[in-house]
Each structure stands twice: as C-alpha cells, then as structure tokens.
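Working notes, beginning with the structure itself.
Read-outs: derived from the displayed coordinates by stated rules, not from any lab. It should be emphasised that the depicted structure is a prediction, and the values quoted were computed from it without experimental measurement. Methodologically, a virtual Cβ is constructed for each residue, glycine included, from the backbone with ideal geometry; neighbour enumeration extends over all protein chains shown.
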Amino acid sequence: MVGTGGPVATFSIWDYVVFAGTVLGAAGIGLFQAIRGRKDTSSAEFLLGGRQMTAVPVAMSLTASFMSGITVIGTPAEAYMFGTPFWLFAFSYTIMSTISAEIFVPLFYRLGITSTYEYLEMRFNRLIRVIGTTMYIIQTALYTGMVIYAPALALNQITGLDLWGVLVATGVVCIIYCTLGGLKAVIWTDVFQMVIMLSGFVAVIARGAVLQGGLGNIWNDNYNAGRLNTFDFDTDPLRRHTFWTVVFGGSLMWVSMYAINQSQVQRYISCRTMTHAKMSLYVNMVGLWVTVSLAMLSGLTMYSIYKNCDPLNNKDVASSDQLLPYLVMDILAEYPGVPGLFVAAAYSGTLSTVSSSINALVAVTVEDFVKPAWPSMTEKQASWFNMGMSVFFGGVCISMAAVASMMGSVLQAALSIFGMISGPLLGLFLMGMFFRFANSTGGLAGLITGLIITLWVGIGAQVYPPLPIKTRPLPLSVAGCVSDLNITTTIAPWNSTVPPTLQPSNPRPALADSWYSVSYLYFCPVGTLVTMITGLIISAISGGCNQEKIRPELLIRKEDLICFGCSRKDRENTESDLIKKVGPDQLFGLDNPQFTDTELKPKENDRDIFTKF
C-alpha cells in the first residue's frame, strides 16, 4: 500500500522502452546537429555555435545545465527533510540574472572572448589566467562527477541496474554527441531534456494530488507539520538555510555560477546579439523559478504521502537521494512507462549538464592552454583536437563520480564545491572589473588567500559536518509503517521535535561547531570578500596599477549598467574611437565581428577598420 513502507515495484518493460527512447531521442538531436553542421568544422562553430544562437534555446540550455539530475533528485529530498526555505532561492535567481545580464554580459560580449579566463590575462597576467582555468577544470570535473552519480543512484534504486554500468553509459552517450556536434548539439539537446525534466515533476505532483485528495490536502499536511515556515530571519551564520543565507549567500553563489562559469558564459556569448544574450538570462530566470517550484512541490507531495512512514528511517532506502525514486515506484508503478519517464527526467538533467561541462572544459583547455602554446594550429587540427579532448574529459568526469559517491547529499555537496572554488574567482573578476588600481600582484595574492580560506572551511565542514541543532531537519515518523523491517516507532534523534543536545562520541575540534559549521551558502561570499579585500590591500601596498596600461574596455562602464544599452548616444564609431577603445596593437577578444546591435555599428566608410581585425 502506498505510503506504508516496504519494497516497491521495479521497472516494467514499458518503462525501459520509454527510458531508452528518451535517451536515444536526446542523443539523436545531438547527432542531427552534428550532421547538419558537418560542413562547418571550425573551432568557433564547435565551441560557440558560430555565435548565431537566439535567446530562447540558450535560456533553456542555461536552465537545464545547472537544473540537473541533482535538482531532480536532491531538491525534492531537501523539501521533504527540511521544508520550504530552499524556495527562497527564487529571490537568488532574480538577483543573479540581473547582475549577470547587466554587468557581466556587456563586458564579456564586448570583448568577444571564447574562454571566460581570457579576461584574467587581459586584465592581470598569464599566470593568473592559468590558475583560474585550472581551478575551473577541477571544480567542473568534480561537479560533473556528482551529476553523473545522482541519476545512476536513482536507476540503481528503481531498476537494480548495476550502478557503475549506468555511470559509464551516461558518460558514453554524452561523449558521443558532444564530440560530434559541439555547442549547437549541446544547446538543442538541452531544450529537449528540459521538457522531459519538468514532465517528470508534473507526473509526481499530479499522481500525488490524486492519492491525497488534492493539492490542498498536501499543503495542509505540510503546514501542520511546520514545513511551510519559509521565511526565517535568524541572522546566525551557522544556520544552514535562513532568509539571509539563501538570499545573500545564495545570490553570490549563483552569480559565480552564471556570471563567470565557462559552462554558462559560453552559452550567452554564443548569442547573435547582446540583446539575445541578456534576454537569455532573463528567460532562464523564469525557467529556474518554474523548476525549483515544481521540485519543491514534489518534495511536499512526498512528505504528505510518507508523513506516517518515513522510508529513510524505515530502512526502505539507504540515503535521502533515493527518496524520490522510491516514491516514483511506489505511486506510479501501476502506470507502465511513467516511472521510465521520471528516470529519463533525472537522466536528461545529467546528460544536459555533463554535455555542457565537457564542451566548456574543451573550450577553456583549447583557448587557455593549447592555442597559446601552439599558435600555428590549423582549423583541421583544432577540430580533431576538440573532439579528442571531448573524449578525454568525458572519461575524467566518469572517474570523478567515484569521488562524488563519498560526499553525502548530492545537492549540498554540489553547491559547496561551487562556493569553495567559484567564490575566490568571482572576487578576482569583480576586483579587476571595478577597481582600476588593482594589479596582478594583488590579484594573485587575493586569489590564493581566498582559495585557502574557502578550502579550509569547506573541507572542515565535510570532515566535521554541522550538528543537527544548526541544520534543523524536521520531524519524520515511522508510526504508520507496516513493513517487516519496522520493529520500532522511535524516531532518529536528529528528526525529533526537540533539538538534540547530546554530543557525538568522537571528540570534535573547537572549530567544528563554529567555523566549520558556517552555512555552506556562505562559502562563496567568504571567498569573494577575502579575495577582494586581500587583493586590493596588496595592490595598494605594491604601488597599484599603471593607469596608462589599463585598457578602458576591461573595466565596467556606466553604459554597461543600463538595460540593453537603450540610452547610449554614440552608436557609431569613427576609426579613432575604435582604436582608442581596443588599442592599436591589442587583438584579444575581437573574434566577434558583429559585436552587438547596441555595440559598434560602422558607417560605410569605416568597414575597413573591422576587416583588419
């Protein structure tokens, strides 16, 4: 019986058919794009889609890239165990989209860069660019390993398929269409996968509403259990999710994901105009609202069904990340093919993120390491190298799944990784964009200091997790279970209504309940602030930067802060204006001859200016 514990059904033949059809459909879209664009094998086409993408598909790709299998599985489990504070991320998505679109898009699109980290060499020096790229590669490989691990866990729970067999299969499918199709294959496949992901959530919510007598009853069950207390204004930085940790810490963390992360930047700079690039972020914002809302409603539905019999404490599942797959087979098994659709949703999220990551890793490797070392590389050689690197990074990401299997809840672990590594990088970018006197000495010192601090707190939190008195999971019951495994109705101490006071048997260092217990959402702000403060102080001590050497287009201008550049006066540029802007000898970032519909618009007699670039 639904909601009373015990074993659930497994995949039917129709579930396998739906699942296989969805995955093959995704791969087919990627291969179609590869065949369609086979005449253009240039590096720009492979990595940036020829800079001809439009806002809506790019927006859906942006959403799908980070609303991955981790979201499909981890966010409903978050709502089930902790309630609705995670819903506050809707505010974070709004702040992130505005900052990314109005500050970072004009800068990166104006420079026409392929790798985000080109900016670090343009603004500081080659060493800082190499360090930044290396940090990104490590972060992305770890994150992608977690993304592969999450749906493999779901498939293992639902079907009994070999966990590592699924991991390898996931990587292979992504490698095939990434290698052959490039960025266009990734983006259009993401569009298809986004639809499948949302369909999986809708199926769970709809069936749960039928079983529980409507969405109103689901809402009431969660309200009575205290799971709808979304707005918690406690300022304690050790509390896991409060209004301040999510809106302040979460906003900066998401800015670091979208504003400087190669996987995302590579998408919006592939747009044909700056207007499309900005619009893609705003449409993506709406997509994130919809996705997180459906994920949270799925978690609330799960609690309503299991309010009297928690599968986790009843030992029906081994971890919280298996809760939603368990629910799917419990309530949807009687509808052949629907469980297969859900698993396809989790799997689609994985394919989307992994393919995006592979493509971005290839881009930064080629732009930041290979081209500077091999300037005479031909387009044919670059094409073969791009495909070879796609295979290599696919293998690296699969191997990282082994690391992910040891990191606990995939949702929190994934966001923690971004905070630890992207926080210092975001501080470095902001320092270079807003402070003219910041120099390479200060940038390097700030980056290293910020990284040391965030790794210290992040690794410490992984070794000594915060106590439940700070994370505050909500009460769960097994009183209604009828499974043979249910021999007691005692609720685990960390799920009781009274915050636990007992200390664990193993001694914890003094920092474990203070510094290491800081909310994981503050990892990014800590890294950003430490990097900027340290970097600016060192820059001032070391004499600052030679003002004449700072190219003005590398700094944020007031024109960049106006939506779509709608009030810019100087839409036409003379030759002297252009040379003043880009410098007579500087060729960085001028691989985008279009610029934008609000950027450089040459007059008839100025066309020769652009041909020489």
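Overview of values
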quantity: Extension reserve of the W515-E559 stretch, reckoned as 0.36 nm per residue once the Cα distance is removed; calculated: 11.7 nm
quantity: Nearest-0.05 FRET efficiency for V286 and F233, computed from C-beta distance (R0 22 Å); calculated: 0.25
quantity: Dipole axis of segment 54-136 (+1 Lys, Arg; -1 Asp, Glu on Cβ), positive-most option in V58, T94, F104; calculated: F104
quantity: Over 28 Å between alpha carbons, listed pairs K371/K549; K307/K470; K315/K470; K278/K470; calculated: K278/K470
quantity: 3J(HN,Hα) from dihedral phi, segment 266-282, Karplus parametrisation 6.51/-1.76/1.60, rounded to Hz, x for glycine, proline; calculated: 4, 6, 6, 7, 7, 5, 6, 9, 5, 4, 4, 4, 5, 4, 4, 6, 6
quantity: Net lengthening on full extension, F243/E379 (0.36 nm per residue, minus Cα-Cα); calculated: 43.9 nm
quantity: Rough spin-label spacing in nm, given labels placed 7 Å along Cα→Cβ, for A318 and S542; calculated: 4.9 nm
quantity: FRET E, pair F437, N217, Förster distance 60 Å, beta-carbon r, rounded to 0.05; calculated: 0.50
quantity: Segment N308-W14, length gained on full extension (0.36 nm per residue, minus Cα span); calculated: 102.7 nm
